[in-house]
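Some notes on the structure that comes next.
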Amino acid sequence: MARPVVGIIGNMSILNETYRVHAGGLMNSEAVAQVAECLPLIIPSDPHFVAVDDLLEQCDGFLLTGGRPNVHPSEYGEEETPAHGAFDRCRDAITLPLIRACVERGQPFLGVCRGFQEVNVAMGGTLYPEIRDLPGRMNHRMPPDGTLEEKFALRHHVRFAADGVFARLMGAEEVMTNTLHGQGIKDPGARVVVDGWAEDGTPEALYVKDAPGFTLSVQWHPEFNAVNDPVSRPLFRAFGEAVHAWAARGAVPVRRRA
């Protein structure tokens, strides 16, 4: 029996200074294939090549990956500043309507880092351009030097709401996670429930209230060592179960726009 398909949102990168590629990161494919037990399919997140309606029909679920470019602040009603960093407007054009459609349809997605921020923006929320500049906040950015293991090392605790969605999933109200992000949630979007926080109060886990499908999203990177990590494994396993359930009952037909 064919495995359900998880569309992995790709990021545009430049190889050898001139060659443009859409890439998804090996760790994302490993987590989807080995823990969620689904077929990973990298999506070129560019509306010139793909349409949201087609993605909804071809994929059973979506992994909203991390990425260096940030969501453009115009998507949440703010002006662009140097602090907002680099952008990928093509990815914005795919992921934001994709998230809203998945919420409506009950189609499962898992948001990671930028994907976590995209979920908040898609639901009407806003972002801080640079967490480390806020009073009392720690530096959540990836260490500039070191091995891959050192960059993705566990660096802070995340506290979940007592008896909340994440606490029940993890079997614990506090876990250790990595941290590799610059931006973060300022105002939660409509129906966005922040269910976990770093030690400095930075939102780290969310879900969409009353959504009919799986909408769990995290600010850290659970794809690293997902097979063995006691925090990453249950998250990807639960996501996989939701994707399998969606595939088993058959996709909801897409309402085509006129």
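Condition first: among the small types (Gly, Ala, Ser) and over 17 Å from Asn70 (Cβ atoms). Can you find one or more residues in the stretch 179-189 that meet it?
There is no residue in the stretch 179-189 that is among the small types (Gly, Ala, Ser) and over 17 Å from Asn70 (Cβ atoms).
For the stretch 2-50, how many residues meet the condition of being under 21 Å from Arg91 (Cβ atoms) and surrounded by 16 or more Cβ atoms within 10 Å (Cβ to Cβ)?
The total comes to 25.
When you check Leu169 against the structure, is it modelled with pLDDT of 95 or more, farther than 19 Å from Phe214 by Cα and within 18 Å of the chain's Cα centre (by Cα), yes or no?
So Leu169 does not fit the description; no.
Return the pair list, or none, for Cβ contacts closer than 7 Å from residues in the stretch 116-135 that are at positive phi to residues that are part of a loop (DSSP other than H, G, I, E, B), at least 6 apart or on different chains.
Gly124/Gly189; Gly124/Ala190
I need every pair where a residue in the stretch 186-197 that is farther than 11 Å from Ser217 by Cβ has its Cβ under 6 Å from the Cβ of a residue that is at pLDDT 95 or above and basic (Lys, Arg), sequence separation at least 6 or different chains.
Arg191/Lys209; Trp197/Arg159
Does Phe160 satisfy the condition of being of a type in the set (Phe, Trp, Tyr), touching a residue at least 12 places away in the same chain (Cβ under 8 Å) and more than 28 Å from Arg100 (Cα to Cα)?
When the stated conditions are applied, Phe160 does not pass them.
Quick one: Glu37 ticks every box in (1) in a loop (DSSP other than H, G, I, E, B); (2) closer than 17 Å to Phe116 by Cβ; (3) out of contact with any strand residue (DSSP E or B) (no Cβ under 8 Å at 6 or more places or on another chain); (4) not aliphatic (A, V, I, L, M) bar one, so which box is it?
The failed condition is (2).
Could you tell me which residue of the stretch 55-74 is nearest to Asp210 (Cα to Cα), considering only residues that are charged (D, E, K, R) and surrounded by fewer than 21 Cβ atoms within 10 Å (Cβ to Cβ)?
Here the residue is Glu57.
So how many residues does the stretch 96-129 have that are buried (at least 20 other Cβ atoms within 10 Å of the Cβ) and either charged (D, E, K, R) or in contact with a Cys (Cβ under 6 Å, 6 or more places away or on another chain) (or both)?
Within the stretch 96-129, residues that are buried (at least 20 other Cβ atoms within 10 Å of the Cβ) and either charged (D, E, K, R) or in contact with a Cys (Cβ under 6 Å, 6 or more places away or on another chain) (or both) number 3.
With Thr215, Thr179 as the choices, which residue is of a type in the set (S, T, N, Q) and modelled with pLDDT of 95 or more?
After ruling out the rest, the residue left standing is Thr215.
Which residue pairs have Cβ atoms under 8 Å apart, sit 6 or more places apart or on different chains, and have a first residue in the stretch 227-241 that is under 21 Å from His157 (Cβ atoms) and a second that is among the polar types (S, T, N, Q)?
Filtered contacts from the stretch 227-241: Val231/Thr177; Ser232/Asn225.
If I filter the stretch 130-146 down to residues being under 11 Å from Gly182 (Cβ atoms) and out of contact with any helix residue (DSSP H, G or I) (no Cβ under 9 Å at 6 or more places or on another chain), which single residue comes out as surrounded by the most Cβ atoms within 10 Å (Cβ to Cβ)?
Ranking the qualifying residues of the stretch 130-146, first place goes to Ile131.
Can you pull out every residue in the stretch 59-82 that is closer than 18 Å to Gly24 by Cα and either modelled with pLDDT under 95 or of a type outside the set (Ser, Thr, Tyr) (or both)?
Cys59, Asp60, Gly61, Phe62, Leu63, Leu64, Gly66, Gly67, Arg68, Pro69, Asn70, Val71
Please count how many residues of the stretch 166-202 are surrounded by fewer than 23 Cβ atoms within 10 Å (Cβ to Cβ), closer than 28 Å to Glu75 by Cα and out of contact with any His (no Cβ under 9 Å at 6 or more places or on another chain).
The qualifying residues number 11.
Determine the pairs where a residue that is surrounded by fewer than 17 Cβ atoms within 10 Å (Cβ to Cβ), located within the stretch 81-95, has a partner that is part of a helix (DSSP H, G or I) with Cβ atoms under 8 Å apart, the partner being 6 or more residues away or on another chain.
Thr81/Pro73; Ala83/Asp133
Out of Ser74, Ser29, I need the residue that is among the polar types (S, T, N, Q) and within 19 Å of Arg237 (Cβ to Cβ). Which one?
Ser29
The values are calculated or read from the model by the stated rules, or taken from the named source; none is laboratory data. None of these values were measured; they are calculated from a predicted model. Heads up, the Cβs are rebuilt from the backbone with ideal geometry, glycines too, and the neighbour counts pull from every protein chain shown.
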